[in-house]
């Protein structure tokens with residue numbers, strides 16, 4: 001989608017910005033030298049550093065990259081961020097280099113002129129660009145064929161590109177080829193009109209069931225010297241497909257999963273190990289013997305309760321908890337309920353405060369669980385709900401957690417109705433598709449707050 005205009009704009013903008021920075025430096029030197037009488041050698045020694053910091057700042061915010069330069073808003077945003085970062089880094093350099101001879105008057109004059117200079121530069125550049133677009137038609141003319149939901153979104157994107165002249169839609173037909181494999185006259189006429197109007201590229205939004213239309217459309221477009229580019233419309237499907245690349249092959253993925261990225265998995269694993277080690281050393285080490293004595297005193301049986309639960313990729317693992325119930329034969333099939341007669345007095349307290357979950361930090365260290373993730377369910381419940389809820393097994397793509405997005409939003413405890421489990425699954429899938437390190441931190445703090453306040457469904 002690149003154009004000569006866009007390619008040249010990157011170099012013109014970078015060159016003119018560098019001139020502006022150095023012009024502001026020079027004028028600031030002259031003004032402050034006359035006012036303070038400071039030695040100009042101090043300024044000359046820092047010119048190179050000032051320029052290098054500017055190039056570093058613009059590189060960090062990708063001011064001159066093709067992804068920024070395509071639209072005015074990203075250019076403005078990256079410009080002001082680069083100026084702010086330049087100020088911070090230059091002041092930090094002066095501080096750590098102990099350059100106390102550098103006058104404050106210069107810094108005030110330089111950054112005032114730099115901000116005003118960039119405001120003038122960007123507004124002037126915008127006015128020149130508008131004039132060139134109006135009188136010389138330098139932008140590539142493009143249009144969209146297919147007024148379906150995907151085509152509407154595509155059109156909105158094309159309209160935002162300052163390097164493109166979006167001419168609108170070429171009709172609203174949902175198909176372009178008849179059952180016999182021939183292009184319908186309306187589609188052929190639209191492409192012909194587009195070519196006569198100066199449109200050089202047409203983006204065709206096609207639903208998956210219309211992919212067979214491509215050869216006939218390409219044939220008709222080339223007849224009129226119009227390039228056709230095809231954009232699959234997956235907006236009406238059950239999943240929002242995204243495209244990845246593997247060895248040069250485009251791969252359609254049904255879901256966005258940030259934790260499929262090895263770097264993100266490393267961050268999450270580091271977080272899990274750090275948090276679980278801290279909890280085991282500073283809390284679990286003294287909490288275990290206290291609770292062990294009370295548990296053994298109130299009922300017969302082991303201190304820890306272990307149960308097979310469904311893990312990542314539906315692989316079973318033994319999940320550990322402090323035993324909160326008397327020994328019974330239906331613990332692998334029956335959920336705990338309000339006023340459950342199996343729960344011991346200390347068990348009620350542990351379940352209300354979530355203390356019974358603390359042994360699961362051992363599961364986290366072993367790698368079976370994460371601090372944050374979908375709660376692991378009993379194997380029998382996995383089999384039950386996978387038959388009732390269409391997307392239930394999607395949650396099994398993630399490693400289960402001690403707490404999760406569903407739990408901090410109130411979906412924890414007994415699920416008497418299928419609708420309650422559907423909401424839990426919905427929240428689990430949202431977490432999987434929107435994971436970030438900060439989201440994990442947020443959920444962890446919300447879990448602690450809810451445990452202190454007490455939760456209605458904690459029983």
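The values are calculated or read from the model by the stated rules, or taken from the named source; none is laboratory data. Just so it is clear, the model here is predicted, and its values are computed rather than measured. Cβ coordinates were reconstructed from backbone atoms using ideal geometry, including for glycine residues, and neighbour counts include every protein chain displayed.
Can you tell me which of 350, 325, 369 is farther than 25 Å from residue 395 by Cβ and within 39 Å of the chain's Cα centre (by Cα)?
Numbers: 325 fails: within 39 Å of the chain's Cα centre (by Cα); 369 fails: farther than 25 Å from residue 395 by Cβ.
The conditions single out 350.
Could you say whether any residue in segment 4-23 is modelled with pLDDT under 85, exposed (fewer than 15 other Cβ atoms within 10 Å of the Cβ) and outside any helix (DSSP H, G or I)?
The answer is no, given that none of the residues of segment 4-23 is modelled with pLDDT under 85, exposed (fewer than 15 other Cβ atoms within 10 Å of the Cβ) and outside any helix (DSSP H, G or I).
For (1) modelled with pLDDT of 75 or more; (2) over 22 Å from residue 74 (Cβ atoms); (3) part of a loop (DSSP other than H, G, I, E, B), each residue gets a yes or a no:
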position: 142; (1), (2), (3): yes, no, no
position: 155; (1), (2), (3): yes, no, no
position: 172; (1), (2), (3): no, yes, yes
position: 202; (1), (2), (3): yes, yes, no
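Find the strands (runs of 3 or more DSSP E) located wholly in segment 207-301 whose residues include 1 or more that are closer than 30 Å to residue 367 by Cα and either assigned by TED's automatic domain parsing to the domain that holds residue 397 or at pLDDT below 80 (or both), and list them. So that I can check it myself, show each step before the final result.
Values: elements: 227-232, 242-246, 249-253.
By residue number, 242-246, 249-253.
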